[in-house]
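To keep things clear, I will list the structure first and then write my remarks on it.
Every read-out reported here was derived from the displayed coordinates using simple, explicitly stated rules and does not represent laboratory data. These numbers were taken from a predicted model, which means no experiment stands behind them. When we count neighbours, we look across all protein chains shown, and the Cβ atoms used for this are built from the backbone with ideal geometry, even at glycine.
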Amino acid sequence: MYDLYVYPEMDIHSVKEKAYKHLGAPYNASFYPDGTGFYCSQYMAEILPIFETIPMKFGDGEQEISDFWREYYRELGLSVPLNQPGTNPSQLAASPLLKSKERNLHDSDF
């Protein structure tokens, strides 16, 4: 399943130029704002700078930091970047600046 969004005000040439500039950048597995490279929504926010950062959350509804994220960051040897500025895919998709163009419920179209 995927949703396709468009930003009507986008200057496609500017966005492509920014995107090409970062090709080959490593994945920012730490999600730290100053980490090397980019994580998915961080990359989108970099090339299309219309998104605000929000305090990052790592809870599961019961704990402020879920067991999954505790273990993930333990293996990285880092503290969980709780409340540090960041982005996430759901937040970007909810932007009022984007217009929903398509929803596809099937993978078979790839």
Using amide H atoms built in the peptide plane, which far-off residues or other-chain residues are under 5 Å from residue 86 H to H? 54, 56
Charges only on Cβ, +1 for Lys and Arg, -1 for Asp and Glu: so what's the dipole of segment 2-109 about the Cα centre, in debye to the nearest 20? 280
Using the number of other C-beta atoms within 10 angstrom as an exposure proxy, rank 103, 70 with the fewest first. 103, 70
Helix 67-76: inclination vs the chain longest Cα principal axis, degrees, rounded to 10, gives 90
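Relative contact order for segment 2-109 using alpha-carbon pairs under 8 Å, separation at least 6, rounded to a whole percent? The partial results should precede the final answer.
On the way: 115 pairs, mean separation 42.9, N = 108.
With pairs under 8 Å counted, the relative contact order is 40 percent.
Out of every Cα pair in segment 50-89, what percent are spaced more than 13 Å from each other? List each step's numbers first, then the result.
Values: 434 of 780 pairs.
Roughly 56 percent, once rounded to a whole number.
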With θ taken as phi - 60° and the coefficients 6.51, -1.76 and 1.60, list the Karplus ³J(HN,Hα) couplings across segment 82-89 in order, rounded to whole Hz; mark glycine and proline as x. 4, 6, 6, x, x, 9, 8, x
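Name the longest site-free stretch of the chain, where the excluded sites are GluC sites (Glu not before Pro) in a DSSP loop with no more than 14 other beta-carbon atoms within 10 Å. Present the calculation step by step, with values, prior to reporting the outcome.
On the way: sites that count: 9, 52, 62, 64.
Segment 65-110 is the longest.
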One point scatterer per Cα, no solvent, Debye formula: log10 I(q)/I(0) for segment 2-109 at q = 0.11, 0.12, 0.13 Å⁻¹ comes out as -0.44, -0.52, -0.61
Over the chain, the sum of -39500 (n - 2.57) across DSSP H runs of at least four, divided by residue number and rounded to 500 deg cm²/dmol, gives at 222 nm -8000 deg cm²/dmol
